[in-house]
Amino acid sequence: MGQRDDVVEAVRAGDRAGFGELVEAYRHELHVHCYRMLGSYTDAEDMVQETLLRAWRRRETFEGRATLRAWLYRIATNACLDLLSGPTRSREVAAGAGSEPGSPFTEVPWLQPYPDRALDLAVSDPDAVTVARETIELAYLAAIQHLPPRQRAVLILRDVAGWSAEETSGALELSVAAVKSALQRARATLRLHLPQRRSQWGPASPPSEEERAVLRRYMDASVEGDLAALTALLREDARQTMPPASLVYDGRVAILDMWRPHLVGPEAWEWKALATYANRQPALANYGRRPGETSYIAVNVDVLRIEDGLIAEITTFGTELHAAFGLPETL
């Protein structure tokens, strides 16, 4: 009996503990896959649980013609498609949205960051780390949410997971011709919503030392309320967005005008910050203390896109995922 036969027998044996041990090895990468499909860390958690439940219930369908990983990816992809097609959970971006290429964040209010500490668990293959940053950065995640769900699934399976057109066809119950057509349309739409210059995606690696240095300077300037230093760190055409609120601050002046009352003056808060990393990008958790209070409370998480040593974009999220980031609620 070959190794694949052993896996088939183990999956179909009806031993819940043994089954759980086999599929647990894929939990983290399935979570990342569902996150790409949905753009939401918390929804991805729900879909991983749904995937493993469906896999257990359908274990007799695993015949070993595909790998266990591919079988689980197929189940996970279809679980996400079922969620996206639900009447109360539809997450297609409205037709005509995103007329301004490269700034789709305000049209994707469900977008959440993904802690690098969780990505590190999902990506153990050194070759996969390169793919991880290119297809996990916030700009990419927000852009693919503009695709219809089935096109999104085709794009992720073909361009991220590296599946053939035939494998994708079988997973999604589409013809090979339909898969190729969907991929072509998805790539064309994606180009409209990604940053126009490839350099704006950032290097295909974890945050560079330059990015880490900019993060440290940004943290220091924020804590000290140093508007001059912050001015020097922001690109003139920088943008700050705040999912799920449809708030956009375009340009360095607009961003500083929004920050100023919180950093200087009699009503200004005192600030502390902790460095973290999300979506292979530098990030920081901000903690504020109002005048007269003793504790610094968690306020938000800023994820930075840095280009040529300057901050080009800040995406500000709430504190819902502090536990996933390993961050405290107060300091």
Skipping prolines and chain starts, which residues have an amide H placed within reach, meaning under 5 Å, of the one on L194, given they are 5 or more residues away or on another chain? G102
Once every DSSP H run of n ≥ 4 in the chain is given -39500 (n - 2.57) and the sum is divided by its residues, what mean residue ellipticity at 222 nm do you get, rounded to the nearest 500 deg cm²/dmol? -14500 deg cm²/dmol
Whole angstrom only: what separates the Cα centroid of region 279-316 from the Cα centroid of region 204-237? 10
If N is the residue count of the chain, its Cα Rg over 2.2 N^0.38 Å rounds to 1.08
Please report, in debye to the nearest 20, how large the charge dipole of the chain is about its Cα centre when each Lys and Arg carries +1 at its beta carbon and each Asp and Glu carries -1 there. 780
Tell me, what is a quarter of the convex hull surface for the C-alpha atoms of region 209-325, in nm² with one decimal? 7.2
Amide H of A238 versus every other amide H placed in the peptide plane: which residues, excluding those fewer than 5 positions away on the same chain, fall under 5 Å? G251, R252
Placed amide H near T276: partners under 5 Å, 5+ positions off or other chain: A283, L284, A285
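Every number here is computed from the coordinates shown, using simple stated rules; none is lab data. For clarity, every value in this text was computed on a predicted model and none was experimentally measured. Backbone-built Cβ (ideal geometry, glycine too); neighbour counts: all protein chains shown.
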